[in-house]
1. Where the second residue is modelled with pLDDT of 95 or more and in a loop (DSSP other than H, G, I, E, B) and the first is within 19 Å of residue 55 (Cα to Cα) and lies in the range 127-146, which pairs have Cβ atoms under 8 Å and are six or more apart or on separate chains?
2. With the checklist (1) in a loop (DSSP other than H, G, I, E, B); (2) surrounded by 18 or more Cβ atoms within 10 Å (Cβ to Cβ); (3) modelled with pLDDT of 95 or more in hand, flag the one item residue 101 doesn't pass.
3. Hey, residue 10 hits all of (1) at pLDDT below 95; (2) under 12 Å from residue 100 (Cβ atoms); (3) in contact with a strand residue (DSSP E or B) (Cβ under 9 Å, 6 or more places away or on another chain) but one; which does it fall short on?
4. Going by the conditions given, is residue 146 outside any helix (DSSP H, G or I), under 19 Å from the mean Cα position of the chain (by Cα) and at pLDDT 95 or above?
């Protein structure tokens, strides 16, 4: 599920949204209210249940061969997404929807390169919500490795200390760092 030219996407488990109104998310680092969306490159970051913690890594032009081997490994592709075992059922059974929104209403957000697009005014979708479908299959079709781990923290620590590109979303919902370090669940 990717946007067509002139579009950005917003992913949701709610198929009834008819108008997106700017708001300040409870986890936001900025105080400005926004409507959030993503472009084709960042769509895979949201092929998850909304509250599912995930750690993602990908090869960039500056990724060393050693880091590529250590993080991406022999599984192929240039990208890996990791979730925890306790989220696997939700990942496999969630009904996720995508809303197509007019890209002209949004501006890039994030430095040095945008990781999202934001609008400061209400935005109406270009049509009804579209079911995203099987998230495992989406990952497979996109050539993205999907890893299921007891805890994201060991993987996250390796990725953030590497030359790979990375993103972590909803990490606070993952297994606690204390359990990750001791191996207790």
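1. 135/47; 135/48; 135/94; 135/96; 138/47; 138/132; 139/47
2. Going through (1) in a loop (DSSP other than H, G, I, E, B); (2) surrounded by 18 or more Cβ atoms within 10 Å (Cβ to Cβ); (3) modelled with pLDDT of 95 or more one by one, residue 101 breaks only (1).
3. Looking at each condition in turn, residue 10 falls short on (1).
4. Numbers: outside any helix (DSSP H, G or I): yes; under 19 Å from the mean Cα position of the chain (by Cα): yes; at pLDDT 95 or above: yes.
Yes.
Residue-wise test of (1) buried (at least 19 other Cβ atoms within 10 Å of the Cβ); (2) in contact with a strand residue (DSSP E or B) (Cβ under 7 Å, 6 or more places away or on another chain); (3) closer than 30 Å to residue 20 by Cα.
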residue	(1), (2), (3)
134	no, no, yes
148	no, yes, no
153	yes, no, no
158	no, no, no
169	no, yes, yes
173	no, no, yes
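The values are calculated or read from the model by the stated rules, or taken from the named source; none is laboratory data. Remember, it's a predicted structure, so these values are computed and weren't measured experimentally. Every residue, glycine among them, receives a Cβ derived from its backbone with ideal geometry; neighbour counts consider all protein chains shown.
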